[in-house]
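J.: Below: one structure in C-alpha cells.
The values are calculated or read from the model by the stated rules, or taken from the named source; none is laboratory data. All figures in this text were calculated on a predicted structure; none of them were measured in a lab. Note: ideal-geometry Cβ built from the backbone for every residue, glycine included; neighbour counts use all protein chains shown. Accessible surface areas use protein heavy atoms only, side chains included; no ligands, DNA or RNA. Shrake-Rupley method; radii C 1.70, N 1.55, O 1.52, S 1.80 Å.
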There are 2 protein chains.
Amino acid sequence: MTALIHIAIDAMSGDRGPSVSVPAAIAAAREFSDVRFTLIGRQADLEREMGGAPPSNVSCLFAADVVEMTDHPREALRRKKDSSMRRAIDLVKAKAAHACVSAGNTGALMATAHFVLKMLPGVERPAIVSLIPSRGGHTYMLDLGANASCTPEQLSQFAVMGSVLAADLEGAHEKPRVGLLNIGSEDIKGNDIVQAAHNLLAASGINYVGFVEGHDIFSDEVDVVVTDGFTGNVALKAMEGVARLIGEIMREEFTRTTLRKAGAAVAKPALNAIRARLDPRRYNGASMIGLNGIVIKSHGGADLFGFQRAIEVAVQEARNDLPARVAQRLSASREA
Amino acid sequence: MTALIHIAIDAMSGDRGPSVSVPAAIAAAREFSDVRFTLIGRQADLEREMGGAPPSNVSCLFAADVVEMTDHPREALRRKKDSSMRRAIDLVKAKAAHACVSAGNTGALMATAHFVLKMLPGVERPAIVSLIPSRGGHTYMLDLGANASCTPEQLSQFAVMGSVLAADLEGAHEKPRVGLLNIGSEDIKGNDIVQAAHNLLAASGINYVGFVEGHDIFSDEVDVVVTDGFTGNVALKAMEGVARLIGEIMREEFTRTTLRKAGAAVAKPALNAIRARLDPRRYNGASMIGLNGIVIKSHGGADLFGFQRAIEVAVQEARNDLPARVAQRLSASREA
C-alpha cells in the first residue's frame, strides 16, 4: 500500500452508472490531487465515459459483471465474483485501496462487504451511518438499515463507533455527545432493549447524554444518534419523505398563478438559499461502519454532485484511517 | 344517554389550560349546535374563562384536581380521582358522554383511560392513531407511541382498527389500503415480528397492500400505515422535527436582508398558502383507539385552533360510534 490515499470506485453502480460515477471521480481527482482513484467497470463503458485525457491520478480496472439493483444479495455474492462491486471491495480487502464507493444494491454491497472484509474485533454487526442536517450543522445517525433488530450490546457498539466517527471527522468535538433514540411517553420508557442499552452506554466511557427523541436529531444538542436499523431506516425515509413533500408544496404554490410566479422571481435569492441548505445531495455518502475496511454507499439516484460527496466521505475516512481508530477505541473500552 | 352527541372536555389540560380549552369548546359549540359540550375543571378557572353568556350547549362540571404533565401515570391514576382528566373519562365510562378530549399528560391519559374504559373485545392494547398529511390528502398512522413493542397479533389488530377508522371517517374509501411499515433493504426484509404480522394481515380480510417504507406515508398509495409504537413515535417526531427545521430555515432566509424581506412581502400569498398547507394544527387530535370509549388526545401546546380540531375529531368519531364499529369489525374478522 503506497502512502497515497487510494479510492476504488464501483463505476457501474447507481441508476445512471458510469455516466455519473466517471465524471464524479474525475471531479474528485481534480479536487484531491494527492488521492488516487481507480474506476472499476466494463471496458467499453469506462472508455466511452473517460473521454480524452483524464487526470493522471485516475485509472481504470476492468470487470465484466455488474450487480443489478434486482439481484438477490446472496446470489450477487456467490455468482458475481467479477463484478465491479466485488472487485472494488476486493481491492480494499487486499489493502490495495483504502476505501471503496458504490451506489449499487445496498443488500448486495452489505453482504459482499461483510463476507469479504469481515468485522472489526469487538463488533458483531456493521451499521449504516450518515449525516443528517440539523439546526446548526449536522448529526450522525446510525443504524440506518443494516440490522432489522439489534441487541443492547450491538447498540452499544454502534454508539462507540459513531462517537469515534464524529470525533475524527469533525475535529471540533473531542467528546461527541451520543444519544439513544427512545419514545417520550411518560408511561413507557421504551422497550427492554433500549433500557439495557441505556445502562451499557452509561458505563461505556463515551459522552453518553441519555435518551433522545425523534425531533432531537435536528436539535444540535446531540452529535450522534443511535438506534436499531429498523427504526433508523423508517425514520430516515420518513424524514426524506417530509422534506420532498414540502419541496413539492413550495413548487406548487409558487407556480400556481402568474402573480405567484412573479413573486417567486423576486424571492429567488431566498428560495435558492433555502434549496441549497436543504439539498439532500450534500448529505450523500453513508458509511458501512464496523467492517474491517471502508465502504461508502452512495444513493442509487445520486447525480454527479451527490456522487462526488460520497467520494469525499471515502477520502475523509481513509485519511483518518477510521477502521483502525474504531478498533482501537473498542479495544480500549473493553479493557476499561 | 340522550340522542344528542355529548363531548366531555378536560378543560385543565394543555400548556395553557382553560385559557385555550374553554374558548375552543365555545367555538366548537357554535360550530356544532347539535352537540353538547361539558367543560370539566376547577370552578374558579372555568368561571373566569367562560365569561358572560356561553352558548346553551356548553355546560360545566367542577373537579378539584389537575393532572400535571410531570405526574407519574400510575400516581395520577391512583391519587387524582377528582381530576378533570379522570372525570372526563368517567363520563365516557358511564355513557354520560360519547367522547372525551384532553391535552394532558399522555401517559396518565392512556393509563387512566385503559383502566377505566377497558379494551374492546379482541383488542389487547390501545394504539395512538393520527392523521399525517400526504401529497393529496392524508394518511392514518398507528401506533404513534402507546406500545414500545408489539406482537404480530397486536399489529394485526391495529391494522383492522385503522382500516375501520379510515373507512368510517373518510367515506370515500370503502376498503382503505393498509400498509405495514418495513425497511426496504433487499437483504433483510424486516424482523420476525413484521414478517409474522405480514402473514396475519394477508389473511385478515382487510385491503392489505403489503409492506410500505417510511416515504410511502406521504405517497397517497396507502390510507393506513401500521407500525409499532416505538418506530411510529420516533418517525412522527422525526417528521415533525424536519418540518419545523424547514420552517425555521425559510424564516431565516426570508429575513436575512432587507432585500430578502421585500422578496418575502411580494411572495406573501404563496408563503401563506404553504404555511397553511403545512400547519400542524390542522392535524391535531390523536385517537386512543381500541378502548371501549372514545378518547382524543390533543397536543399539549395546542392553541385555540388546534384544540378545536381535536374536539372536531371527537365529534366525528362519536357520530360514527367508532368503538362499536371497530368491535363489530374485529368480531367479524375473528369469525371469518
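J.: Once you compute Rg and the Kirkwood Rh from C-alpha atoms, what is the Rg to Rh ratio for chain A?
T.: Working: Rg = 20.7 Å, Rh = 20.8 Å.
Reported Rg/Rh (Cα atoms, Kirkwood Rh): 0.99.
J.: Here is a further query. Suppose a student asked you for the relative contact order of chain A, using Cα pairs under 8 Å spaced at least 6 residues apart; what percent would you report?
T.: Taking the mean separation of contacting Cα pairs over the length of chain A, I get 22 percent.
J.: Here is a further query. What is the set of long-range amide H partners of A:T139 at a cut-off below 5 Å, with H atoms built 1.01 Å from backbone N?
T.: A:I132, A:S134
J.: What aspartates and glutamates sit close enough to B:K80 to cross-link, taking a C-alpha to C-alpha distance under 19 Å and skipping anything fewer than 8 places away on the same chain?
T.: Candidates past the 8-residue exclusion: A:E186, A:D187, B:D10, B:D15, B:D45, B:D65, B:E68, B:D71, B:D90.
J.: Given just the C-alpha atoms of the range A:1-119, how large is their convex hull per residue in cubic angstrom? Spell out each step's value before the answer.
T.: Numbers: hull volume 10.9 nm³, N = 119.
Convex hull volume per residue, Cα atoms: 91 Å³.
J.: Continuing with the same structure: Compute the separation of the alpha-carbon centres of the range A:124-160 and the range B:271-318 and state it in Å as a whole number.
T.: 33
J.: Given a Förster radius of 56 Å and the C-beta distance between B:R78 and B:A276 as r, what FRET efficiency does 1/(1 + (r/R0)^6) yield to the nearest 0.05? Numbers along the way, then the final one.
T.: Details: r = 44 Å, r/R0 = 0.78.
Result of the calculation: an efficiency of 0.80.
J.: Further question on the same structure: With a 1.4 Å probe and all protein chains in place, put B:C60, A:C100 in order of accessible area, largest first. Spell out each step's value before the answer.
T.: Details: B:C60 50, A:C100 5 Å².
Heavy-atom accessible area, descending, gives B:C60, A:C100.
J.: Tell me the distances, shortest first, between A:P280 and the same position across the other copies, using label points 7 Å along Cα→Cβ, in nm to one decimal.
T.: 2.1
J.: Once you place label points 7 Å from the Cα toward the Cβ at B:A96 and A:Q328, how far apart are they in nm?
T.: Rounded to a tenth, the inter-label distance reads 7.0 nm.
J.: Taking A:A202 in one copy and the same position in all the others, each labelled 7 Å out along Cα→Cβ, what are the pairwise distances from the first, in nm, shortest first?
T.: 4.3
J.: Still on this structure, I have one more. Out of residues 5 or more away from A:L61 or on other chains, whose amide H comes under 5 Å of its own, with H placed 1.01 Å from N in the peptide plane?
T.: Those qualifying (amide H under 5 Å, at least 5 residues apart or on another chain) are A:L39, A:I40, A:G41.
J.: Using each residue's phi in the range A:221-226, evaluate 6.51 cos²θ - 1.76 cosθ + 1.60 at θ = phi - 60° and report the 3J(HN,Hα) Karplus result to the nearest Hz, with x for Gly and Pro.
T.: 9, 8, 9, 9, 10, 10
J.: Here is a follow-up. Using only the Cα atoms of the protein assembly as shown, what do you get for the radius of gyration and for Dmax, in Å?
T.: Every Cα atom of the protein assembly as shown included, Rg and Dmax give 27.2, 86 Å.
J.: Give the lysines reachable from B:K261 as a straight Cα distance under 25 Å; neighbours fewer than 8 places away on the same chain don't count.
T.: Straight-distance partners of B:K261: A:K261, A:K268.
J.: Counting just the Cα atoms, what span does the range A:18-64 cover along each of its three principal axes? Round to the nearest Å and put the largest first.
T.: Principal extents (largest minus smallest coordinate, Cα): 29, 17, 15 Å.
J.: Quick check: pseudo-label points 7 Å beyond the Cα along Cα→Cβ at B:E170 and B:E248, how many nm apart are they?
T.: 3.3
J.: Could you pull the copy-to-copy label distances for B:M119, with points set 7 Å along Cα to Cβ, in nm to one decimal and sorted shortest first?
T.: Result, one decimal in nm: 3.6.
J.: How many times 2.2 N^0.38 Å is the alpha carbon radius of gyration of the range A:188-304?
T.: That ratio works out to 1.46.
J.: Compute the distance from the alpha-carbon center of the range A:1-33 to that of the range B:23-56, in whole Å.
T.: Taking the Cα centre of each part, the range A:1-33 and the range B:23-56 sit 67 Å apart.
J.: Right, another one. Run the helix sum for chain A: -39,500 (n - 2.57) per DSSP H stretch of 4+ residues, divided by residue count, reported at 222 nm to the nearest 500 deg cm²/dmol.
T.: Numbers: 12 runs with 157 residues, N = 336.
Dividing the helical sum by the residues of chain A leaves -15000 deg cm²/dmol.
J.: With N set to the residue count of the range A:83-183, report its C-alpha Rg divided by 2.2 N^0.38 Å to two decimal places. Each step should come with its number before you reach the end.
T.: Details: Rg = 14.9 Å, N = 101, 2.2 N^0.38 = 12.7 Å.
My calculation over the Cα atoms of the range A:83-183 gives 1.17.
J.: For the range A:96-101, in order, what is each residue's ³J(HN,Hα) by Karplus, 6.51 cos²θ - 1.76 cosθ + 1.60 with θ = phi - 60°, in whole Hz (x at glycine and Pro)?
T.: The phi angles translate into 7, 9, 8, 6, 10, 10 Hz.
J.: Taking a 18 Å limit on the Cα-Cα distance, which of the listed pairs A:K189/B:K237; A:K237/A:K297; B:K95/B:K118; A:K93/B:K189; A:K237/B:K189 fall beyond it?
T.: Working: A:K189/B:K237 15 Å; A:K237/A:K297 16 Å; B:K95/B:K118 14 Å; A:K93/B:K189 28 Å; A:K237/B:K189 15 Å.
Distance filter (> 18 Å) returns A:K93/B:K189.
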